[in-house]
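Here the structure comes first, spelled out in structure tokens, and everything after it is commentary.
The values are calculated or read from the model by the stated rules, or taken from the named source; none is laboratory data. The structure presented is a predicted model; accordingly, all values stated were derived computationally and were not measured. Here the Cβ positions follow ideal geometry from the backbone for every residue, glycine too, while neighbour counts run over all protein chains shown.
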Amino acid sequence: MEWLPDSNKITCFCSEVTDLVFANSFFVAPNTIDFSTVFLKFSPIEQAAVMGAIGTIFIIYLIALIFLIKLDKRDTLKVSVKNNYTLFFTNRIYFT
């Protein structure tokens, strides 16, 4: 690398290394999963904490879903168009 202060430039005389880059220089094979042994070793009794956590998350999801559906229905009632007839002599119809 060379700096030329008169022209305010930096020149690089590096050679490019395109043959070897660290990220692609090695390959690690992915782990294989044998599903026949996975499902044979699965027991809900031994995995009670996991099943309880999944069940709790699912129940919280259902409660939140029901609550938010009720709020959404209430919100659609607020947005709907209603006719407000006036009883004055102008007989105009206002929409709110």
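A compact table of results
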| quantity | calculated |
| --- | --- |
| Pair list, Cβ under 7 Å, 6 or more apart: the range 51-74 residue modelled with pLDDT under 95, other residue exposed (fewer than 10 other Cβ atoms within 10 Å of the Cβ) | 51/44 |
| Members of the range 43-67 that are surrounded by 10 or more Cβ atoms within 10 Å (Cβ to Cβ) and outside any helix (DSSP H, G or I) | 46, 47 |
